[in-house]
Amino acid sequence: MLSRIGIAFMRWLGGLPLPWVRALGVCMGGCLYVAIRSRRRVVETNLLLCFPELTVPQRRALTRQVFIKFAQTWLDRGWLWHGTPETTAERLHLVGDLTQLEGDSPTVLFAPHFMGLDAGATALSQNIPRQFSTIFTPQSNKQVDAWIARGRQRFGNAKLYDRLAGVKPVLSALRSGDPLYLLPDMDFGENECVFVPFFGVPTATVPSLSRFARLGRAKVVPVLTRMTAQGYEVEILPAWQDFPSADPVADTALMNQRLQGYIASMPEQYYWVHKRFKTRPPGQADVYSTDAVG
């Protein structure tokens, strides 16, 4: 029942003016910042580890902005997935090196966890005449899972692959010319990750960007989605010329290094609400425990 109400609410949001949606996001984000202390601590811990030069007031202000951007981007899914095609076309802007998306050469789109990820995917599927693919983890709520899948496939040329189904179908699609919208800045546990620096902190990171690029014989093209007052700007960067190498660990370290530069341009829009440093190297303590950091 609650799921149906929530989806109906998002559908209603799809018809509202964007400033109204964004204002509601400010209110919602401010409430979440106050109410969810445990998640607020996660964000503050991430920011302390990655930006130790910030003062306490600066870190708190940035944390509040993270919650606001989180709420705004979530509410924006109302018009992304239920607004008219004219609405999404008006609010989503592809910029940068669009020639990287021409033709049918195998391409991995490096899409870091900025909060506008779904806006970036929608912009690509609406504007680029190629079938895209991505890997997802199913939601426990089947109704919500189906709603998300419909939203991400609303323009008909997006293929979703369950992460638990393995990589063979993904590689097949990649080699046949379907660009892979990949979110590799993730911690899936010690068995699936390598430890490489991220803002100077040894961080469990899946080496999937290197492996998909190598096995798919694909170029890597970064895609950065930035929230703006008008909607979203989706920037296509030039393909990396020195990637992949024969060393997936070195490649993953390079990915994190370049990601740091992308984050520096919009730190409040990165997905700091998840436990990026959850898996620790052997012998290192949990950084999210209540007595881990001040």
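Since every read-out is calculated from the coordinates, none of them should be taken as a lab result. As the structure is a computational prediction, the values presented were derived from the model and not from experiment. All Cβ positions, glycine included, derive from the backbone under ideal geometry; neighbour counts span all protein chains shown.
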**Complete:** If we keep only residues of the stretch 194-238 that are over 25 Å from residue 97 (Cβ atoms) and of a type in the set (Gly, Ala, Ser), then the residue nearest to the chain's Cα centre (by Cα) is 204
**Message:** If residue 38 satisfies all but one of (1) over 22 Å from residue 287 (Cβ atoms); (2) surrounded by fewer than 15 Cβ atoms within 10 Å (Cβ to Cβ), what's the number of the condition it fails?
**Reply:** (1)
**Message:** Whether any residue in the stretch 218-237 is part of a helix (DSSP H, G or I) and of a type in the set (Lys, Arg) is what I want to check.
**Reply:** no
**Message:** Among the listed residues 15, 6, identify the single one that is under 23 Å from residue 143 (Cβ atoms) and part of a loop (DSSP other than H, G, I, E, B).
**Reply:** 15
**Request:** Return a yes/no flag: does the stretch 225-243 have any residue that is surrounded by 15 or more Cβ atoms within 10 Å (Cβ to Cβ) and touching a Ser or Thr at 6+ places or on another chain (Cβ under 6 Å).
**Result:** yes
**Prompt:** Any idea which of 259, 180, 237, 209 is over 26 Å from residue 153 (Cα atoms) and of a type in the set (A, V, I, L, M, F, W, C)?
**Reply:** 259
**Index of the failed condition, residue 241 passing every other in (1) free of Cβ contacts under 8 Å to residues at least 12 places away in the same chain; (2) farther than 17 Å from residue 108 by Cβ** = (2)
**Asked** Just wondering, is there one or more residues in the stretch 92-99 that are buried (at least 21 other Cβ atoms within 10 Å of the Cβ) and in a helix (DSSP H, G or I)?
**Response** no
**Complete:** Scanning the stretch 248-264 residue by residue, the ones that are free of Cβ contacts under 8 Å to residues at least 24 places away in the same chain and either over 24 Å from residue 39 (Cβ atoms) or not in a helix (DSSP H, G or I) (or both) total 3
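Yes or no, residue by residue, for (1) in contact with a helix residue (DSSP H, G or I) (Cβ under 8 Å, 6 or more places away or on another chain); (2) surrounded by 16 or more Cβ atoms within 10 Å (Cβ to Cβ); (3) of a type outside the set (Gly, Ala, Ser):
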{"residue": "53", "(1), (2), (3)": "no, no, yes"}
{"residue": "56", "(1), (2), (3)": "no, no, yes"}
{"residue": "66", "(1), (2), (3)": "yes, yes, yes"}
{"residue": "85", "(1), (2), (3)": "yes, no, yes"}
{"residue": "89", "(1), (2), (3)": "yes, no, no"}
{"residue": "101", "(1), (2), (3)": "yes, yes, yes"}
{"residue": "108", "(1), (2), (3)": "yes, yes, yes"}
**Request:** Please find, among 25, 83, the residue that is of a type in the set (Gly, Ala, Ser) and within 24 Å of residue 156 (Cα to Cα).
**Result:** 83
**Item:** Selection from the stretch 128-151 of residues that are in contact with a helix residue (DSSP H, G or I) (Cβ under 8 Å, 6 or more places away or on another chain) and more than 17 Å from residue 161 (Cβ to Cβ)
**Value:** 128, 141, 143, 144, 147
**Request:** Output the residue which, of all residues in the stretch 108-149 that are more than 18 Å from the chain's Cα centre (by Cα) and not in a loop (DSSP other than H, G, I, E, B), is farthest from residue 11 (Cα to Cα).
**Result:** 127
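To keep it simple, each residue is scored yes or no on (1) outside any loop (DSSP other than H, G, I, E, B); (2) buried (at least 19 other Cβ atoms within 10 Å of the Cβ); (3) at positive phi.
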site	(1), (2), (3)
156	no, no, yes
160	yes, no, no
171	yes, no, no
178	no, yes, no
181	yes, yes, no
185	no, yes, no
191	no, no, no
